[in-house]
Structure formats: C-alpha cells, structure tokens
Amino acid sequence: MIFRGFSVRKLPSNSNVDHNKIFLPSFQQLVETASEGVWVTDKQDETTYVNSRLCTILGYTENEIIQQPVSKFLFAEDLNDHAQKLIDRKKGKTDSYERRIKKKDGTSIWMLLSAKPLHDENGDFAGTFVHLIDFSDIKRRDRLIQLVTDTQLSLAQISDIDEVYDLIGRKIKEMIPEGIVGTTSVDEVRQTISITNLFGVGQTYNALVKTFNIDPTKIGFRLKDASLHDLSFFQAGKLKLFDGGLYSLLMKKIPKSVCKIVEKQLKINQIRIIGLVSDGRHFGGVVVLSEGDLSSYTTAIESIVYQATQVIILGLGYTYWSSYHK
C-alpha cells in the first residue's frame, strides 16, 4: 500500500508481528534515528507505528503503544479537541498545535505536534502521520514565570496573614499536580507549629484519617519536641530534601506503623521542606511530598516562599508590594 508521501508494506501472513503495516527500511531508518517523536495512526486513529524516540519520551515500550487508540494517551479534558482535529484531518487539513501527552507514570509532557493526513492509492483518508517535539521545558519555564508573577500580584492584595499560607500552598500545588503540598505556621507565643493547609491529599487521606482516627492538621506540634536536625529544615529559606520519613516529620506524634501506611497509600517517597524565615525568625514552612525530582521547580518555589515571608513580616501585602518596587 502506498500512502501519498510515505511508503508502507504489509507483513507476510505468517508474521509474528501483530500490526500490519511498517515503513520500508530506508524511511524507517530515517524516523528511527530522528531526535523527535514520530507517531502514525490508521483511519480509526489506532497506532500503527511509533519510533523509539517517542517510546523513550513517554516511557512506554513499542508494544504498549501499537494498536492502541491515541485517546488512551491523552487527558480527558483534551479529548473533544482531539476528536475535532481528527475530523479536520479526514478533510485533508494539515495542522500544528500543542498537546499534553500522558506518560506511562501518569505525568504529562507538553509536545508540539505537526499532523499530516495520509491517503491510500484511491485518495481516501488512511490515517495520520504526526511529528512530535518535546518542548515541556520551555512550556514549564513560561508557566512557572507566569505563576510566580500571579502569586506576587495576589500577595499584594492580601490583608489577612492567614491567607498567605493558603495562597502559597495552592500556587505551589499548581506547579506540581502529582504532588502533595502542605503549609505550616508557627505560634511564637505557644512555641508550636501547626499544619495550616494540605493540598492534593484527596479521598485517600480522608479515609486514612477516618480509619485511624488521627488528623495531623488538628495537632499543635511543640517545637521543643523536634530534634535540632529536623527543625533545621524548617529554619532554612531553601528547598531541601528531608532525610527523614513522615514519622520524623510529624515529630513522632503519629505511630510509625500509621505513617508507613500513609506513605505507601499516598505514594510518598520524597519529602522537601522550605521555611518562611527572616533574621532568625521562623514563621512556618512549606512541605512538598512527591515521587519525582523537583529540581526544575526549586527556583520558583523559593521565590514564592521568599515573597510570602516578606508579606508576613510587613503584615500587609500592599505595603510590601509598594516598598518592593520603589
């Protein structure tokens, strides 16, 4: 079978390969060595070919993608737009656009797609050839810059200090959709630290609270009960990887067996902490619980926490914003 612009051949009937079309060696060699992804689908929008680069980017093996519909690798909110794009390609339209693709680990990656309709020898629509470029780093950078700027503007309008903790928790959670973000505040009179907000815990956390009848957000943790080592993470204005587990983080007030179950159920294997600190004073902190590396978010998180600390010190967001920009 000859697609306009691309040649493919059917495999012999006794072939062990499940899919029935592959590229001729010369073209296959070209796309296999490409630095970008290549994705080919049939007229039902099911995958007939992916190159090794795309498999590496998404974390799948070739066999895990072949014969699967493209929709399986998209997010629900993008399906309607994808369906419209497919209608347009059936009408012969070539298109370039941005799309989030779902990786095997469940996270998203932003890719720039260039999609071209394929036609058979009769001129009928036979599928789509898609060239994909990973531009998630650029997309993430632009998104983080915008998010930090939006946070600064929101901080400028805050008049209630308690709102600061809620705002920075929500904004940092926006950066890390797959993570859990908690904020803490310090009562300097009582010398206690409390969990003010938790974002991203979902129903699993609520079920665990109900099962064990323990809710860490209702506990005031005495600073003197924390080891100097553990407390140092909250007293640093830099995002640091905590070298203890949930049991240590909660100052051993929650049974270790419960902490282990929570870590497993919420998929917590890394804890990072940054303090809201200035001139030796400790106003609280932000705790990020996640599975993966957060190095690309560190600067943005530290910037937001720094801005929030200044707002807390000065008491009013407007006062801070005006003085900061003089």
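Between S278 and D225, what FRET efficiency follows from the Cβ-Cβ distance if R0 is 22 Å, with the result rounded to 0.05?
Details: r = 24 Å, r/R0 = 1.08.
That pair, S278 with D225, gives E of 0.40.
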Check: Taking the Cβ of F75 as the center, what net charge do the other residues with Cβ under 15 Å away carry, scoring Lys and Arg +1 and Asp and Glu -1?
Finding: +2
Item checked: Amide N of the stretch 255-280 lying under 18 Å from the label point, which is placed 7 angstrom from the Cα of Q203 along Cα→Cβ -> 265-267
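Pop the C-beta distance of Q157 and K218 into the FRET formula with R0 = 45 Å and round what comes out to the nearest 0.05. Mind dumping the intermediate values first?
Numbers: r = 30 Å, r/R0 = 0.66.
Using R0 = 45 Å, I get an efficiency of 0.90.
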Checklist line | Under the Karplus curve 6.51 cos²θ - 1.76 cosθ + 1.60, θ = phi - 60°, whole-Hz ³J(HN,Hα) for the stretch 116-124, x wherever Gly or Pro sits | finding: 10, x, 10, 10, 7, 5, 9, x, 7
Notebook entry, point to check: With the chain treated as a Gaussian network of Cα nodes joined by springs under 10 Å, which of L58, L241, L228 yields the largest mean-square fluctuation?
Noted result: L228
Checklist line | Most fluctuating residue given options F212, F135, F242, as computed from a GNM of the chain linking Cα atoms under 10 Å | finding: F212
Next item on the list: Give a residue-ordered list of calculated ³J(HN,Hα) values for the stretch 282-297 (Karplus: 6.51 cos²θ - 1.76 cosθ + 1.60, θ = phi - 60°; whole Hz; x for Gly, Pro).
Entry: 10, 9, x, x, 10, 10, 10, 10, 8, 9, x, 6, 10, 4, 6, 9
Notebook entry, point to check: Taking the Cα atoms only, what angle lies between the long axis of helix 136-155 and the longest principal axis of the chain, rounded to 10 degrees?
Noted result: 30
Notebook entry, point to check: Net charge near L144, counting Lys/Arg +1 and Asp/Glu -1 over other residues with Cβ under 12 Å of its Cβ?
Noted result: 0
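When the helices in the chain are scored as -39500 (n - 2.57) per DSSP H run of 4 or longer and the sum is shared across all residues, what 222 nm value do you end up with, to the nearest 500 deg cm²/dmol?
Details: 12 runs with 123 residues, N = 326.
Counting only the DSSP helices, I get -11000 deg cm²/dmol.
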Check: GNM, the chain, Cα, under 10 Å: largest mean-square fluctuation among Q84, Q157, Q307?
Finding: Q84
Margin query: 7 Å from Cα along Cα→Cβ at both K252 and I133: what's the point-to-point distance in nm?
Written below: 5.6
Checklist line | Cβ-based net charge around F212, under 14 Å, with every Lys or Arg adding one and every Asp or Glu removing one | finding: +4
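Every read-out reported here was derived from the displayed coordinates using simple, explicitly stated rules and does not represent laboratory data. The shown structure was predicted, so the numbers you read here are calculated from the model rather than taken from an experiment. Heads up, the Cβs are rebuilt from the backbone with ideal geometry, glycines too, and the neighbour counts pull from every protein chain shown.
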